[in-house]
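Okay, so here's the structure we're looking at.
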Amino acid sequence: MDRRRFLESLSGLPLATAVAGHATSDAAAAAAPAPARDYFAELGIRPFINAAGTFTAMTASLMRPEVMDAINYASKQFVMLDELHDRVGERLATLLRCEGVMVTAGAASALTLGTAAVLTGADRERVKRLPDLTGMKSEVIIQKAHRFGYDRAVRNCGIRFVEVETADDLERAVTGNTAMMLFYNNNNSVGRIRDEEFARLGRKHGVPTLNDCAADVPPVENLWKYTGMGFDLVAFSGGKGICGPQSAGLLLGRKDLIAAARLNGPPNSDSIGRGMKVNKEELLGMLVAIETYLKIDHDQQRREFERRAEAIRTAAASVAGVQTEVFVPEVANHVPHVRVSWDEAGKGLTGDQVIKAMADGTPSIGVRKDDTGLVVGVWMLQPGQDAIVARRLREVLGQGS
């Protein structure tokens, strides 16, 4: 369920079909209010039911009405951007139980700005020099098992990774040139240094630690778990489980480092993060997304996800030769999913064919696969869509021999 390994499964999704219009009389048209524009239809784009998950390529999650209210409110007025950054950050720090918070242009932006903060501190001349690290610390320690596609966001600052495997390796790797230690939370069970020990080693050696938790909400407690554990900085995506703007994220942590990250980002013109703009609408939308997310009955939400997953599992399992299970990933996307598998050769039906058939049908449905079979996510489904997904999946699976 790694968000970073999903792109290869997108080829079955549709790009477009025209949507037929319907005729109406001139009198009826004159009496009725003008219909809202169907922008996607005009562009020849076909929306789909998201039974995969909060993947960026699939436009992640849908923003809640409260978030859109905040975005629309902000769109009609001017404010000073730095002042809004300050106030939103202060409110979020209180809500998320940490020293400081910065709204960023997504989790990858948070990784870049967090790294830049460690490298430059409050030194504005150093801010201007990045990624030129001449005379500055330039090494970031990372576990070999924690290298991942998005660590480019850290390398953008000009650093060099030093790979380690054990705690002893890490302690030997710390030198006067060590700027930071990077942890990829999704691989907590893969690396030999677990999260708490990693944070402890950072404190022991006086080296700032940054934890990438981009897709690791829910559970809601993760929003303060890792800063409470001792990580100096933590990055989250705003547009996944939190259901805020997809192009927003959060950088949490030490107040001094958050202040330094702000210096490295917009609206500061001569900075490595100048292009990582966060507008007033996203700032306010991200605040309201967190406020709304914290008020959710998370136990009730989990029960609903379990109900949807069981309905889809039962429908798929009714097809001869199909095996199913409900599972919850350990870290990222920590919600119920359905795994569906079968003997592709015996059934004469491949996973890719099922993905394409689901995407090409009406309505279009996006599902994905991993190394173990077809995977159906339920948490991005809208009310009633689980029944549609269950019916279509049973029909498509039943087409095999």
**OP:** Considering (1) farther than 23 Å from MET58 by Cβ; (2) at pLDDT 95 or above, say which one ALA311 fails and leave the rest.
**Re:** (1)
Original post:
When region 115-143 is examined, which residues are found to be on the phi < 0 side of the Ramachandran plot, in contact (Cβ under 8 Å) with a residue 24 or more places away in the chain and of a type outside the set (A, V, I, L, M, F, W, C)?
Top reply: THR115, THR120, ARG124, LYS128, PRO131, ASP132, LYS137, SER138, GLU139, GLN143
**OP:** Filter region 74-110 down to residues that are part of a helix (DSSP H, G or I) and touching a Leu at 6+ places or on another chain (Cβ under 7 Å), then give me how many there are.
**Re:** 8
Original post:
of a type in the set (Gly, Ala, Ser) and either in a loop (DSSP other than H, G, I, E, B) or touching a residue at least 60 places away in the same chain (Cβ under 8 Å) (or both): does that describe ALA179?
Top reply: yes
**OP:** Those residues that are under 23 Å from the mean Cα position of the chain (by Cα) and not aliphatic (A, V, I, L, M), I need them from region 126-177; list them, please.
**Re:** GLN143, LYS144, HIS146, ARG147, PHE148, GLY149, TYR150, ASP151, ARG152, ARG155, ASN156, CYS157
Subject >> Filtered residues of region 353-401 (kept if of a type in the set (D, E, K, R), in a helix (DSSP H, G or I) and in contact with a Gly (Cβ under 9 Å, 6 or more places away or on another chain)) >> reply: LYS356, ASP360, ARG392, GLU395
Original post:
Can you name every residue in region 266-282 that is buried (at least 24 other Cβ atoms within 10 Å of the Cβ), under 14 Å from GLY89 (Cα atoms) and either small (Gly, Ala, Ser) or over 16 Å from the mean Cα position of the chain (by Cα) (or both)?
Top reply: VAL278
**OP:** Keeping to region 328-351, report how many residues are surrounded by 14 or more Cβ atoms within 10 Å (Cβ to Cβ) and under 26 Å from the mean Cα position of the chain (by Cα).
**Re:** 13
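For (1) touching a strand residue (DSSP E or B) at 6+ places or on another chain (Cβ under 6 Å); (2) farther than 27 Å from PRO336 by Cα, each residue gets a yes or a no:
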| residue | (1), (2) |
| --- | --- |
| ARG192 | no, no |
| ASP195 | no, no |
| ALA199 | yes, yes |
| HIS205 | no, yes |
| CYS213 | yes, no |
| ASP216 | no, no |
| GLU221 | no, no |
Subject >> Cβ pairs under 9 Å, 6+ apart, first in region 215-228 and surrounded by 15 or more Cβ atoms within 10 Å (Cβ to Cβ), second of a type in the set (Gly, Ala, Ser) and part of a helix (DSSP H, G or I) >> reply: ALA215/ALA107; TYR226/ALA199
Original post:
Looking at (1) surrounded by 15 or more Cβ atoms within 10 Å (Cβ to Cβ); (2) not in a loop (DSSP other than H, G, I, E, B), can you tell me which one ARG307 breaks?
Top reply: (1)
**OP:** Kindly check whether there is at least one residue in region 103-119 that is surrounded by fewer than 19 Cβ atoms within 10 Å (Cβ to Cβ), under 19 Å from THR209 (Cα atoms) and among the hydroxyl-bearing types (Ser, Thr, Tyr).
**Re:** no
Original post:
Restricting the first residue to region 268-281 and requiring it to be more than 16 Å from THR112 (Cβ to Cβ) and assigned by TED's automatic domain parsing to the domain that holds VAL103, which pairs with a second residue that is part of a loop (DSSP other than H, G, I, E, B) and of a type in the set (Gly, Ala, Ser) meet a Cβ separation below 6 Å and a spacing of at least six or different chains?
Top reply: GLU281/SER75
Original post:
Do we find that GLU330 is part of a helix (DSSP H, G or I) and under 30 Å from ASP212 (Cα atoms) in this structure?
Top reply: no
**OP:** Of the conditions (1) part of a helix (DSSP H, G or I); (2) more than 30 Å from HIS337 (Cα to Cα), ALA57 clears all except one; give me its number.
**Re:** (2)
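The values are calculated or read from the model by the stated rules, or taken from the named source; none is laboratory data. Only a predicted model underlies this, so the values are computations on that prediction, with no experimental measurement involved. Positions of Cβ are backbone-derived with ideal geometry, glycine not excepted, and every protein chain shown enters the neighbour counts.
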